[in-house]
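Right, one structure below, let's go through it.
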Amino acid sequence: MSETVTLKIDGREVTVPKGTTILDAAAQIGIEIPVICYHPHLTANGLCRICSVDAGFRTQLAACVTACADGMDIQTRSEDVVRGRRTILEMLNSTITLDEAPEILELVEEYDADTGRFAEGKRRESPVYDDNPFYIRDYNQCINCWRCVQVCADDAQFTYALSFDGRGFETRIGTFQGYGMTDTTCVFCGQCVGACPTGALKPKRQALLEQGIDPDEIFYQTRRGRKKRSEEAGG
Amino acid sequence: MIDTTASIDLSQLEPVLTKYNGRRREALLPLLHEAQAIYGWLPGAVQEAIGKTLRVPLADIHGVVEFYSMFYSEPTARRVIRVCEDPACSLANAQGVMAAIEAKLGIHHGETSADGLVTLEHVPCLGMCELAPVALDGERPFGHLTPNTIDDFLNGTHPEAAAQPYGEPMWTLARVGKVDPGSLDDYQTHGGYQALAKAVAMGPDALIELADKSGILGRGGAMFPLGRKWFFTRGAAGKPSQKHIVVNADESEPGTFKDRCLLEEDPFAVVEATTVAALAVGAENGWIFVRGEYPRAVSRLREAVRQARDAGYLGRNILGQEGFNFDIEVRVGAGAYICGEETALFEAIEGKRGFPRIKPPFPTTHGLFGQPTSINNVETLVAVLSVLTQGLEAWQAIGTAKSPGSKLFCLSGHVAKPGVYEIPFGKTIRELIEMAGGVPGGKAIQAVLMGGAAGAFVKPDELDMPLTYEDARSRNIPLGSGVVMVFDETADLRQTLYELSRFFAHESCGKCFPCQLGSQRQMEIWDRIAHNGGAKATDKQVLLDVGFTMTETSLCGLGQTAASAVLTALQRWPELAE
Ligand SMILES: Cc1cc2nc3c(=O)[nH]c(=O)nc-3n(C[C@H](O)[C@H](O)[C@H](O)COP(=O)(O)O)c2cc1C
Ligand code: SF4
Ligand code: SF4
Ligand code: FES
Ligand code: FES
């Protein structure tokens, strides 16, 4: 029999197997804690901190990466918790474009985040990279959730085409020497595009359709690219 | 201009690659350092060759080179001049010095001279604040610069300054300034290696008990009891060959320079103390991780390790003790304050970006390479030597009941005699400042920054606080790494708050959102307040919200303290943001 722990979440008692995260324990009793970077099939790194909850400790706890402990008394929506979430959303919104991230926009709405609060703040700008026939990279929409890097590496593909440029606020997803994707180890499996929670990574077809380009032309462009690449590989 | 198109001669790299053949990713930082010493920077072809040798994906090498400030992926001169512009140096006219160097060389921050011979940068605190304002010219440290002495500095004739002991240097600093840091013989003449002999005679259990009774709390800032850390690491599952002692000599907290004093002036003590720790814990692997901006400390430590190994103080069956095997590797950082955070430091040794890990699990069970590790600050370990040689009673006779013994403090800013002061716990902040000759020119104190950039500001009426752990806790004023930075009535605290905020924005690793974004926003607001139009009515609330959010929700200690100076200043002087 596996060990269990008992704790309180928003005043309700719950008993879960040892090692269960606060996020999962809350979900079991129907309490939804917001998440942004968390994805159930990927390694959780506790990046966005939007899932922070209050257990009366020195700092709040990130629910997606913190295991429940006996006797915890957790508030998932106290004034302090809401204050932190709102501020994170305000800062994120002032840094990148969230237009194609509907789930985050819903949180902005729900937490009443002031979208003009950091209007004078620097934005994390980036060129749009259209360097391969399969997907477009627009890091003006990138939240640095690492999902693309993780699926490209140990979480799925073991291809290691993606890493980071810079650090701190200036952290961006990058490739070796800034190479275009066709010059990296990328195998165009598309897993990163599937994992991206924003409009930062987008299938080229979709991007071209959004630009109102004729489907025949799209077929031609993306086909030609594929052919060119296989010729290169063969030569 | 450096010719960026010239092809890179990889044959120069061959001997280095051969040396590292068979090694893996953990050798990445040392190999990048060696390659950069050859080329002055890290051209793509060099990174590719390194990737092949160590079998590290190229994207990952790129990520590592991008992370550390002292690795360059763009053409850079072999000679880099780094001028500190952080608070202590700023108070001593670092900006004037930087401007004079810029004028003389005709280049600005981040630029390389037309002849390709020198690159100029302004950098975060260089850990030499007692010599403010300071700069590194390549590997040579210079202090007390003025705009008028720039020529001497640039042609290398300005005197290099050495660390000196102040206060009552009878315990941790006992040998500093007296012993020849390059000689094991002289170290032994000054009582060196007597502590290890006593430790061996006691055995690990008694040694851990002694550490417990000494009351030594981690001197790196987190105040964790040393004896408990050793005990947990000793008890963790694993053979001695799978356990590590890591000495944290990253010392990059602005205002902190005490460990440099020990590393440069008493390096054998650091080596001996690390060996004592290895005995306590039962670890065979030792690492001393020194920040890249301490080249003098690195060379002296490496020499000390070599001499100790030659004399049998490192290696197999140390002091004739069957099975007491231990050796030390000196590792060098590359410009990242975050690598002082213990788990980020492990990542750096493992050859990765210095991203802190989520805790738990803790280092005592899952540290370096996922193995049990005791990571200790330099001063923490060296303090144990005097407990061993002078005895527990002597140690407990000084300080207070709850904070026995002595502690190092780093006095800087507006004091007559800045430097590293060793004092017994219990003296007040005011007494310490008086020991340092008080404020020059008879000026009044406006503020004191306690504990470092991650610490707290106090007002003149708070200076009667005794310097003990119990008083620090009860008043919520961290002793941190022992920083006491004094600001007289003429100092512009808004400028200081901008500099502290700039430090955190520059040093945030970028892993978690609140710190990555909040440190930037905090800096922008202080930049405007200090330089560009002053405060807006909304600023204070915004600073409080950003500060609250970083403190409460950040992943690691950097973000959790990145607003500490700002928030404590706003409590005391709300008008600064008005
Ligand atoms: C951002 C950050 C930087 C740190 N820098 C240092 C450092 O330079 N030296 C140090 O000893 N501890 C530093 N620490 C504390 C270490 O994480 C760790 O607590 C310490 O090395 C443990 O040694 P101690 O118990 O002897 O203090 C830092 C912590 C943080 C969060
Ligand atoms: S590109 Fe998408 S998946 Fe990758 S870090 Fe940015 S937002 Fe996340
Ligand atoms: S708090 Fe700052 S330094 Fe620490 S993990 Fe988050 S971004 Fe990195
Ligand atoms: S969802 Fe938990 S940190 Fe992002
Ligand atoms: S060396 Fe300049 S502030 Fe520390």
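Do the conditions hold for A:Thr185, that is, is it within 13 Å of chain B (Cβ to nearest Cβ), crowded, with 17+ Cβ neighbours inside 10 Å, at pLDDT 95 or above and within 12 Å of ligand 2 (Cβ to nearest atom)? Reasoning before the result, please.
Details: within 13 Å of chain B (Cβ to nearest Cβ): yes; crowded, with 17+ Cβ neighbours inside 10 Å: yes; at pLDDT 95 or above: yes; within 12 Å of ligand 2 (Cβ to nearest atom): no.
When the stated conditions are applied, A:Thr185 does not pass them.
Exactly one of these conditions fails for B:Glu264: (1) in contact (Cβ under 8 Å) with a residue 24 or more places away in the chain; (2) more than 16 Å from ligand 5 (Cβ to nearest atom); (3) among the acidic types (Asp, Glu). Give me its number.
Against the list (1) in contact (Cβ under 8 Å) with a residue 24 or more places away in the chain; (2) more than 16 Å from ligand 5 (Cβ to nearest atom); (3) among the acidic types (Asp, Glu), B:Glu264 comes up short only on (2).
Looking at segment B:102-133 only, could you name the residues that are of a type outside the set (D, E, K, R) and either within 16 Å of ligand 3 (Cβ to nearest atom) or within 18 Å of B:Arg260 (Cα to Cα) (or both)?
Within segment B:102-133, the subset of a type outside the set (D, E, K, R) is B:103, B:105-110, B:112-114, B:116-120, B:122-129, B:131-133.
Scanning segment B:102-133 gives B:Val123, B:Pro124, B:Cys125, B:Leu126, B:Gly127, B:Met128, B:Cys129, B:Leu131, B:Ala132, B:Pro133.
Looking at B:Ser69, B:Ser73, which one is of a type in the set (S, T, N, Q), within 16 Å of ligand 3 (Cβ to nearest atom), in a loop (DSSP other than H, G, I, E, B) and within 25 Å of B:Pro43 (Cα to Cα)? So that I can check it myself, show each step before the final result.
Details: B:Ser73 fails: within 16 Å of ligand 3 (Cβ to nearest atom).
The unique qualifying residue is B:Ser69.
Within segment B:144-152, can one find any residue that is modelled with pLDDT of 95 or more, away from ligand 4 (no atom under 16 Å from the Cβ), part of a loop (DSSP other than H, G, I, E, B) and closer than 16 Å to B:Leu263 by Cα?
Among the residues of segment B:144-152, not one is modelled with pLDDT of 95 or more, away from ligand 4 (no atom under 16 Å from the Cβ), part of a loop (DSSP other than H, G, I, E, B) and closer than 16 Å to B:Leu263 by Cα, which makes the answer no.
What are the residues in segment B:510-562 that are within 16 Å of ligand 3 (Cβ to nearest atom) and of a type in the set (A, V, I, L, M), if any? Quick ask: steps written out before the conclusion?
First pass over segment B:510-562, keeping only residues within 16 Å of ligand 3 (Cβ to nearest atom): B:510-523, B:546-562.
B:Leu517, B:Met523, B:Val546, B:Met550, B:Leu555, B:Leu558, B:Ala562 - these are the residues of segment B:510-562 that are within 16 Å of ligand 3 (Cβ to nearest atom) and of a type in the set (A, V, I, L, M).
If you check B:Ala278 against the conditions, is it without any contact (Cβ under 8 Å) to a residue 60 or more places away in the chain, surrounded by 24 or more Cβ atoms within 10 Å (Cβ to Cβ) and either within 16 Å of ligand 3 (Cβ to nearest atom) or more than 14 Å from chain A (Cβ to nearest Cβ) (or both)?
Here the answer is yes, as B:Ala278 does meet what is asked.
Taking A:Glu3 as the residue in question, decide whether it is over 27 Å from A:Ala156 (Cα atoms) and more than 8 Å from every other protein chain (Cβ to nearest Cβ). Before you say what the answer is, go through the steps one by one.
Details: over 27 Å from A:Ala156 (Cα atoms): yes; more than 8 Å from every other protein chain (Cβ to nearest Cβ): yes.
Here the answer is yes, as A:Glu3 does meet what is asked.
Examine segment A:47-55 for a residue that is surrounded by fewer than 14 Cβ atoms within 10 Å (Cβ to Cβ), within 11 Å of chain B (Cβ to nearest Cβ) and not hydrophobic (A, V, I, L, M, F, W, C), and state whether such a residue exists.
No, segment A:47-55 contains no residue that is surrounded by fewer than 14 Cβ atoms within 10 Å (Cβ to Cβ), within 11 Å of chain B (Cβ to nearest Cβ) and not hydrophobic (A, V, I, L, M, F, W, C).
Taking segment A:73-111, which residues are part of a loop (DSSP other than H, G, I, E, B) and under 30 Å from A:Glu210 (Cβ atoms)?
First pass over segment A:73-111, keeping only residues part of a loop (DSSP other than H, G, I, E, B): A:76-78, A:94-101, A:111.
Result: A:Ser94, A:Thr95, A:Ile96, A:Thr97, A:Leu98, A:Asp99, A:Glu100, A:Ala101, A:Tyr111.
Do we find that B:Lys19 is outside any loop (DSSP other than H, G, I, E, B), farther than 27 Å from B:Arg140 by Cα and either in contact with a Lys or Arg (Cβ under 9 Å, 6 or more places away or on another chain) or away from every other protein chain (no Cβ under 14 Å) (or both) in this structure? Full working, then the answer.
Numbers: outside any loop (DSSP other than H, G, I, E, B): yes; farther than 27 Å from B:Arg140 by Cα: yes; either in contact with a Lys or Arg (Cβ under 9 Å, 6 or more places away or on another chain) or away from every other protein chain (no Cβ under 14 Å) (or both): yes.
Judged against the criteria, B:Lys19 is a match.
Does at least one position in segment B:497-518 carry a residue that is more than 16 Å from ligand 1 (Cβ to nearest atom) and surrounded by fewer than 20 Cβ atoms within 10 Å (Cβ to Cβ)? Even if it seems obvious, please write down each step before you answer.
First, pick out the residues of segment B:497-518 that are more than 16 Å from ligand 1 (Cβ to nearest atom): B:497-499, B:513, B:517.
Next cut, surrounded by fewer than 20 Cβ atoms within 10 Å (Cβ to Cβ) only: none.
No - not one qualifying residue is present in segment B:497-518.
Can you tell me how many residues in segment B:364-397 are of a type outside the set (S, T, N, Q) and either without any contact (Cβ under 8 Å) to a residue 60 or more places away in the chain or out of contact with any strand residue (DSSP E or B) (no Cβ under 7 Å at 6 or more places or on another chain) (or both)? Break it down into steps so the answer makes sense when it comes.
In the first step, residues of segment B:364-397 are kept if they are of a type outside the set (S, T, N, Q); the result is B:366-370, B:372, B:375, B:378-379, B:381-385, B:387-388, B:391-395, B:397.
Of the ones still in play, those that are also either without any contact (Cβ under 8 Å) to a residue 60 or more places away in the chain or out of contact with any strand residue (DSSP E or B) (no Cβ under 7 Å at 6 or more places or on another chain) (or both) are B:366, B:369-370, B:372, B:382-385, B:387-388, B:391-394, B:397.
Of the residues in that region, 15 qualify.
The values are calculated or read from the model by the stated rules, or taken from the named source; none is laboratory data. Source: prediction; values computed, not measured. Positions of Cβ are backbone-derived with ideal geometry, glycine not excepted, and every protein chain shown enters the neighbour counts.
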